[in-house]
1. May I ask you to list the residues in segment 305-315 that are surrounded by fewer than 20 Cβ atoms within 10 Å (Cβ to Cβ), in contact with a helix residue (DSSP H, G or I) (Cβ under 8 Å, 6 or more places away or on another chain) and in a helix (DSSP H, G or I)?
2. Being in contact (Cβ under 8 Å) with a residue 40 or more places away in the chain, within 15 Å of residue 121 (Cβ to Cβ) and away from the ligand (no atom under 14 Å from the Cβ) is the filter here, so list the residues in segment 300-332 that pass it.
3. Of all residues in segment 183-202, count the ones that are part of a helix (DSSP H, G or I) and closer than 13 Å to residue 229 by Cα.
4. Would you check which residues across segment 254-284 are under 12 Å from residue 307 (Cα atoms), crowded, with 24+ Cβ neighbours inside 10 Å and free of Cβ contacts under 8 Å to residues at least 40 places away in the same chain and list them?
5. Identify the single condition in (1) outside any helix (DSSP H, G or I); (2) in contact with a helix residue (DSSP H, G or I) (Cβ under 7 Å, 6 or more places away or on another chain); (3) without any contact (Cβ under 8 Å) to a residue 60 or more places away in the chain that residue 337 does not satisfy, given that it satisfies every other one.
6. Given the conditions (1) outside the structural domain of residue 146 (by TED's automatic domain parsing); (2) over 16 Å from residue 110 (Cα atoms); (3) outside any helix (DSSP H, G or I), and given that residue 361 satisfies all but one, which numbered condition is not satisfied?
7. If you go through segment 109-131 one residue at a time, how many are within 15 Å of the ligand (Cβ to nearest atom) and under 22 Å from residue 174 (Cα atoms)?
8. I'd like the residue in segment 274-299 that is in a helix (DSSP H, G or I) and within 11 Å of the ligand (Cβ to nearest atom) and, out of all such residues, is nearest to residue 332 (Cα to Cα).
Ligand SMILES: Cc1cc2nc3c(=O)[nH]c(=O)nc-3n(C[C@H](O)[C@H](O)[C@H](O)COP(=O)(O)O)c2cc1C
């Protein structure tokens, strides 16, 4: 994985990597040079979307690549790599440290992910998507795959217990060549009873042979990197993150994320960072640390304590997408000023408008919890929360938030 979490993947359908602005492109060129890859940039505005290579990427394994720029002047890279070099790590683990927005079902909707990316999150995932739901054609499940151009590259997170179905859906996602899709993450940590009851999510931490079959099958079927997210263990008597992580690496996972709590703990207690450090020690693939990052200082501490290759933030971003700005400032050693109340309200408004544009007015109900989080700690927040919980149209929500914002000046 790389800072900007840019991956190129082996595929008959070339992977599309948006490198963004000129500085990012320079980073990419530097990274290629370090790996002794020779790249030649094509002229501006040419060859966008063409499969004909316009630049050669020379490495012991490389086939050919194509770099171009689209009309928005964002550098774009097409690469065709043989399968065995599926993962091209664009980030320099010595100097770069990616900050990822965690997948959170019911929370990390597309609108929220866009805001977090704008605040500096390097990578984001869809909410977890049922492989079985996709397989049986559920529209609701398929709708979770929607991603925004603002969050490229990004990952889809799948959950499932049947190796064949998970593999088939991983393959389908690759075949569909979703623009910006950089990896497929397998959820093996979800603690919810309705998930574990089907042998999915964290139930797989009690069934390593099945988990291995799922990862192997997905890695074989997918032309994109397969990554796995799991927990410290199932319960206090079954703490097996290190064995599980080794199994994941041996089965073909190209990165893991470890949440330092057991399934039994759900989200309570403190996350165990020692187990993240142990997993990091045991693996040679990148390890992302997750659990209890609620500030820039926490992110620095998690990195220092575990040596992890990146941090993932979940609850710390609820109502506070600014946390990515804070973490990025901390990583650069710069001071951070928290957003004023008005800026938080503006973020809530952008979120609500965008979510309603994506999902229609029913999204206002989903927005209630977000608004409560955005308002938390503000003057009169509890009365406002009660008010928000009665609102069911965007217009009412906008009026309420705008009026409240105005009242802050008085
Ligand atoms: C509401 C909620 C929904 C979540 N949904 C997912 C999910 O869909 N997939 C997943 O891998 N983890 C999910 N998680 C777990 C988080 O990604 C993360 O591992 C966990 O919250 C620990 O990180 P934190 O301490 O930063 O919150 C969810 C967590 C919460 C609170």
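1. Correct list: 305 only.
2. 322, 325, 328, 331 - these are the residues of segment 300-332 that are in contact (Cβ under 8 Å) with a residue 40 or more places away in the chain, within 15 Å of residue 121 (Cβ to Cβ) and away from the ligand (no atom under 14 Å from the Cβ).
3. 2
4. Residues satisfying the conditions are 276, 279.
5. (2)
6. Here residue 361 clears every test but (2).
7. Count: 12.
8. 299
The values are calculated or read from the model by the stated rules, or taken from the named source; none is laboratory data. Computed from a predicted model, the values in this text were never measured in an experiment. FYI the Cβ positions are ideal-geometry reconstructions off the backbone, even for glycines, and counts take in every protein chain you see.
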